[in-house]
Amino acid sequence: MFLKNYTENLRSRFTIFTLFAIAAMVFWCGANITTTNAQTPTPTPRRVPMDFTGDGRSDWATIAIPSTAGLPLRWKVTGNPASTVPNQAFIRAFDYGLSGSQTVAGDTIVPADYIGDRKTDVTVWRPSQGIFYVAEFPIGTGGVTLNRAVQWGGGTGDLARQGGDYDGDGKADYTIIRINQTNGNLTWFIKSSATGAERTVPFGTIGDADTAQIFPGADFTGDGRDELVFVTAFEDTGIVTYFVGDAVTGAGVMVKRFGDFNLDFSLAPGDYTGDGRADFVAVRQSTSPATWFINDSVTNTTTARPFGISDPGFQGGNDTPIRGDYDGDGKFDIAVFRRSSANFFYLRSSSNNTIVDGQRAGDPGDFALAGLAVNF
């Protein structure tokens, strides 16, 4: 997985996520300055990331990415929970998408539920064509079946991201971000996966930040619609700032300073408290075990929990923070993927984070799908 030492400067290159077509959704963070709207809407059930089987749990999913451009991407998915009976685990492995290199843009990996059946779809975006290729996950023994090919984006500097459900219809929407190379302003192009309706939403600017990252959509207001989310950082001070905007109007919803770029992985926001709203996460790597700082976006309270082997050099050799609901209780879990041994570990939020569970899945050297485009 490409961590801090491998991400490109978004201000200068505007292609932070095209390198080998993957993106690390973590960002070091620690400071705590916020402006937030005080509302208490009814929590809305959320889609579970990397839930390929539709049972409400994130599955154990990895991907092998060749270092040579133009080779197939190998997806490997083990159902969660995996059967303890020998040879009875639900495992699917298949090729889908093409690799890239530092000079050749490969397919961007953007799995999400675009169809609306509450199952994660096998999806890549091909920058050379500007097409999202969406395939249904193979439940049977056959291979993947293309469900749809959606033309969207493809202009110079366009970036695709894992879609958020920006209209609240239960389906992820196709999302392209375009960066103005003169002033750094961001424009979001969103196509509804249900109706095909298209809208252009100006929101945010990179400004004079050293680097920036665009995260998947997240619901901060509890109305069932995801907001637009991006984050900027300054390397000299370590200041990390999240910007959250309305996906229809582009109006600002929240600005949050949280974490230290030089010390933390910043994980894409998710609902860790179960209140139907996304929370901010920073995983500090300066001590081992790593420390997970989770900031409740409603109460602005931060909890700290040690978990995982830290990776102070951001090389991806130890435990990489990942996202997901692995125990199926409706809340995101504190979780990591140990790439050297292909092991997932997580704290059960359903047991008040007192029980460690996990599963070996994929092969050493694979990347966890739950860690792509979700850390910085």
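The values are calculated or read from the model by the stated rules, or taken from the named source; none is laboratory data. What you see is a predicted model; the values in this text were computed from it and never measured. Cβ atoms come from the backbone with ideal geometry, glycine included; neighbour counts cover every protein chain shown. Keep in mind that these areas ignore ligands, DNA and RNA; they rest on the heavy atoms of the full protein, side chains included. Shrake-Rupley method; radii C 1.70, N 1.55, O 1.52, S 1.80 Å.
Using unit Cβ charges (K, R positive; D, E negative) and no other charged atoms, how large, in debye to the nearest 20, is the dipole of the chain about its Cα centre? Don't jump to the answer; show the numbers that get you there.
Working: 30 positive and 40 negative charges, 97 e Å.
Approximately 460 debye in magnitude.
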What is the sum of charges around Thr273, taking Lys and Arg as +1, Asp and Glu as -1, for the other residues whose C-beta is under 10 Å from the C-beta of Thr273?
-> -2
Once Lys and Arg get +1 and Asp and Glu get -1 on their Cβ, which of Ser99, Val253, Ile139 lies farthest toward the positive end of the dipole of the chain?
-> Ser99
Which whole-Hz couplings ³J(HN,Hα) result when phi for each residue of the range 350-362 is put into the Karplus expression 6.51 cos²θ - 1.76 cosθ + 1.60, θ = phi - 60°, listed in order with x for Gly and Pro?
-> 5, 10, 6, 6, 9, 10, 8, 10, x, 6, 7, 7, x
Kindly write out, for the range 310-323 in residue order, the coupling ³J(HN,Hα) from the Karplus curve 6.51 cos²θ - 1.76 cosθ + 1.60 (θ = phi - 60°), rounded to whole Hz, with x marking Gly and Pro.
-> 6, 9, x, x, 6, 9, x, x, 10, 8, 9, x, 9, 10
Have a look at Thr78, Thr299, Thr232 and report the one farthest towards the positive end of the charge dipole of the chain, computed about the Cα centre with Cβ charges (Lys/Arg +1, Asp/Glu -1).
-> Thr78
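Working out 0.36 nm times the residue gap between Asn185 and Asn300, then minus their Cα-Cα distance, what length gain in nm do you get to one decimal?
Working: separation 115, 0.36 × 115 = 41.40 nm, distance 2.85 nm.
Here the segment from Asn185 to Asn300 would lengthen by 38.5 nm.
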Note down the net charge around Ile239, summing +1 for each Lys or Arg and -1 for each Asp or Glu among other residues with Cβ under 13 Å from its Cβ.
-> -4
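Given the peptides 263-275, 160-172, 191-203, 140-152, arrange them by the average over their residues of other C-beta atoms within 10 Å, most packed first. Don't skip to the answer; put the middle values down first.
On the way: 263-275: 25.3, 160-172: 23.1, 191-203: 15.8, 140-152: 12.3.
Highest to lowest by the protection proxy: 263-275, 160-172, 191-203, 140-152.
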Note, the range 364-370: 3J(HN,Hα) by Karplus (6.51, -1.76, 1.60, θ = phi - 60°), whole Hz, Gly/Pro = x, goes x, x, 5, 9, 6, 4, 6
Taking amide H positions as placed 1.01 Å from N in the peptide plane, with prolines and chain starts having none, which residues 5 or more places from Phe314, or on another chain, fall under 5 Å of its amide H?
-> none
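Take each of the peptides 293-300, 252-259, 280-287, average the number of other beta-carbon atoms within 10 Å over its residues, and list them starting from the highest. Present the calculation step by step, with values, prior to reporting the outcome.
Values: 293-300: 18.6, 252-259: 20.9, 280-287: 24.1.
The packing order, highest mean first, is 280-287, 252-259, 293-300.
How much accessible area per residue does the range 104-144 have, in Å², with a 1.4 Å probe?
Numbers: 1400 Å² over 41 residues.
I get 34 Å² per residue for this part.
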What's the FRET efficiency of Asp246 with Ser192 using the Cβ-Cβ distance as r and R₀ = 25 Å, to the nearest 0.05?
-> 0.95
So what is the calculated 222 nm ellipticity per residue for the chain, using -39500 (n - 2.57) for each DSSP H run with n of 4 or more, over all residues, to the nearest 500 deg cm²/dmol?
-> 0 deg cm²/dmol
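Taking R0 as 56 Å, what FRET efficiency do you get between Thr84 and Asp208 from their Cβ-Cβ distance, rounded to the nearest 0.05? Show your work: numbers first, answer last.
Values: r = 54 Å, r/R0 = 0.97.
Computed FRET efficiency for Thr84 and Asp208 comes out at 0.55.
Please give the charge dipole size of the range 238-348, origin at the Cα centre, charges +1 on K and R Cβ atoms and -1 on D and E Cβ atoms. Round to the nearest 20 debye.
Result for the range 238-348 is approximately 240 debye, rounded to the nearest 20.
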For the chain, how many pairs of lysine residues have a Cα-Cα distance under 19 Å, where the two are 8 or more positions apart or belong to different chains?
-> 4
For Arg360, residues with placed amide H under 5 Å, excluding near neighbours = Phe344
With every protein chain kept in place and a 1.4 Å probe, the range 194-323 has an accessible area per residue in Å² of 33
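Classify the chain from the C-alpha gyration tensor, please: rounded if a/c falls under 1.5, else prolate or oblate depending on whether a/b exceeds b/c.
Values: a/c = 1.23, a/b = 1.07, b/c = 1.16.
Because its axes are fairly even, with a/c under 1.5, the chain counts as rounded.
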Net charge, Val248 excluded, C-beta distance under 12 Å - Lys, Arg +1, Asp, Glu -1 | -4
Using a probe of 1.4 angstrom, how much of the accessible area of the chain is carbon and sulfur, in percent?
-> 50
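If R₀ is 22 angstrom, what is the calculated FRET efficiency for the pair Thr145 and Ala93, using the beta carbon separation as r and rounding to 0.05? Provide the component values of the computation, followed by the final result.
On the way: r = 16 Å, r/R0 = 0.72.
Taking R0 as 22 Å, the efficiency between Thr145 and Ala93 is 0.90.
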